[in-house]
Amino acid sequence: NSKLTLGVPLSPSHPFRLLLSNAQGSQPTTSDETVVAGGTVVLKCQVEDPDDSSLQWSNPAQQTLYFGEKRALRDNRIQLEKSTPNELTISISDVVLSDEGEYTCSIFTMPVRTAKALVTVLGKPQEKPQIFGHEQPIDEEKVARLTCRSSGSKPAAQLRWRKGNKELKGRYEGTEVAEDSNGKTFTVSSRVEFRVTKEDNDAEVTCTVDHESLQNTERSTTQKLQVHYKPTAKIEPHPQYPREGEKLRLQCDGQGNPVPQEFLWEKEGSDTPLQLSSDSVLFFPFLNKSDSGTYVCTATSSMGSVVAKYNLDIPIYASPVPSTSGAYHAVIGGVVAVIVFLLLSLLIVLGHYLIRHKGTYLTHEAKGSDDAPDADTAIINAEGGQASGDDKKEYFI
């Protein structure tokens with residue numbers, strides 16, 4: 001005929017059901033939490049029937065943090081969020097890796113009941129990953145060996161490579177994971193090998209860290225490749241269509257990495273080089289027919305040499321006029337003008353003389369034409385008549 005403290009009669013047929021119901025109502029409940037280092041974690045403990053007892057939170061070292069609403073550990077990072085008979089909620093800010101572990105919520109009934117909450121602290125990778133192996137230029141058709149390294153992650157991060165906007169295709173030597181000196185975080189290294197071509201010069205290679213602590217944000221490092229490749233060259237004439245008597249500049253346009261620094265100019269058929277220097281220009285101050293022929297430029301860099309050719313053909317119809325003949329043209333023009341003026345003056349004088357001569361001839365012909373059988377006799381008669389006239393002059397005193 002005994003009774004429980006709750007005032008419920010004890011039934012001989014169900015003695016354990018009532019006790020189990022009382023035990024479940026006084027059992028605290030918690031949940032596991034995951035937090036990134038430097039963040040804030042909230043720990044909530046709830047109980048349906050506190051049985052006039054207080055809830056308590058303690059850390060993995062079994063140090064009491066809060067007993068009810070009373071602070072037990074002097075740590076300003078730990079704050080009380082809510083305290084009621086049925087709930088005790090606290091928060092821990094600026095979480096560090098050493099805060100990881102099992103936290104215990106207890107209710108001091110008879111017996112004492114507890115619940116565990118596992119706090120997992122994620123170590124965020126430090127800064128951006130580092131890429132090694134790109135410090136020196138790589139010769140084309142050689143194998144590039146790059147290493148990407150990321151430290152401070154917990155658990156160990158994942159690394160991936162890409163070239164440009166595409167996944168880097170190469171031979172991966174696997175990923176190495178090493179524990180850091182703090183014994184909690186890890187350093188991850190990834191190595192990749194691939195053969196480079198001249199098209200890979202200035203290509204961007206990116207290493208990206210994937211880790212749950214980054215919360216969908218990308219942390220990556222990008223480096224440009226420097227690839228040395230053989231030079232190329234072509235000859236450009238200036239002007240494009242050279243003419244005899246003009247200036248001509250042949251430009252040997254050398255491309256490559258490194259850029260060609262030595263240029264050898266030769267003319268096919270000639271044993272003597274025309275020019276050997278760092279100057280890529282061959283200059284002709286005054287073109288003539290003898291300059292026609294095939295010119296060869298050999299551009300040289302540390303990666304080798306390349307040959308370019310240009311065929312110079314000066315048209316036959318071109319008139320050799322020096323490019324500096326402006327004053328000469330003016331003198332020639334003045335001389336021509338004077339000659340034309342003199343010719344015109346001579347024609348005028350000659351025309352005037354001929355006109356006068358023709359008039360005298362006609363006059364003589366008229367004077368002797370009366371008795372003369374032809375024109376020549378008339379002229380002779382006219383002259384003779386003029387002489388007779390002179391003989392018949394009379395003089396008066």
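The values are calculated or read from the model by the stated rules, or taken from the named source; none is laboratory data. The structure displayed is predicted, hence computed values, not measured ones. We place every Cβ from the backbone using ideal geometry, glycine too, and count neighbours over all the protein chains shown. When the accessible area is computed, the model is the full protein with side chains, heavy atoms only, and any ligands, DNA or RNA have been set aside. Shrake-Rupley method; radii C 1.70, N 1.55, O 1.52, S 1.80 Å.
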Worksheet item: With respect to the numbered conditions (1) within 30 Å of Lys230 (Cα to Cα); (2) in contact with a helix residue (DSSP H, G or I) (Cβ under 6 Å, 6 or more places away or on another chain), which one is the sole condition not fulfilled by Val121?
Response: (1)
Discussion item. I'd like to know if the range 157-167 contains one or more residues that are outside any strand (DSSP E or B) and more than 30 Å from Thr232 (Cα to Cα).
Written reply: yes
Practice prompt. Return a yes/no flag: does the range 112-126 have any residue that is closer than 30 Å to Arg160 by Cβ, open to solvent by 50 Å² or more (accessible area, probe 1.4 Å) and in a loop (DSSP other than H, G, I, E, B).
Written response: yes
Practice prompt. Show the residue pairs that are 6+ apart or on different chains and have beta-carbon atoms under 9 Å apart, the first residue being within the range 297-313 and under 25 Å from Arg243 (Cα atoms) and open to solvent by less than 80 Å² (accessible area, probe 1.4 Å), the second being among the hydroxyl-bearing types (Ser, Thr, Tyr) and outside any strand (DSSP E or B).
Written response: Cys297/Ser280; Leu312/Ser292
Item to complete: Mind listing whichever residues of the range 32-59 are assigned to a loop (DSSP other than H, G, I, E, B), open to solvent by 60 Å² or more (accessible area, probe 1.4 Å) and modelled with pLDDT of 95 or more?
Response: Asp32, Thr40
Worksheet item: In the range 152-182, how many residues are out of contact with any Cys (no Cβ under 9 Å at 6 or more places or on another chain) and open to solvent by 40 Å² or more (accessible area, probe 1.4 Å)?
Response: 17
Worksheet item: In the range 192-219, what residues are within 25 Å of Pro125 (Cβ to Cβ) and open to solvent by 70 Å² or more (accessible area, probe 1.4 Å)?
Response: Glu204, Glu212, Gln215, Asn216, Thr217, Glu218
Item to complete: Output the residues belonging to the range 269-282 that are outside any loop (DSSP other than H, G, I, E, B) and loosely packed, with under 12 Cβ neighbours inside 10 Å.
Response: Ser277
Response to the item:
If you go through Lys184, Lys124, Lys116, the only one that is at pLDDT 95 or above and of a type in the set (D, E, K, R) is Lys116
Worksheet entry | the range 220-242 - residue that is over 30 Å from Ala144 (Cβ atoms) and crowded, with 18+ Cβ neighbours inside 10 Å and, of those, modelled with the highest pLDDT | Ile235
Worksheet item: Looking at the range 241-266, which of its residues are under 9 Å from Ser280 (Cα atoms) and either among the charged types (D, E, K, R) or in contact (Cβ under 8 Å) with a residue 60 or more places away in the chain (or both)?
Response: Leu250, Asp253, Glu262
Worksheet item: In the range 243-268, how many residues are out of contact with any Asp or Glu (no Cβ under 9 Å at 6 or more places or on another chain), open to solvent by less than 90 Å² (accessible area, probe 1.4 Å) and assigned to a loop (DSSP other than H, G, I, E, B)?
Response: 5
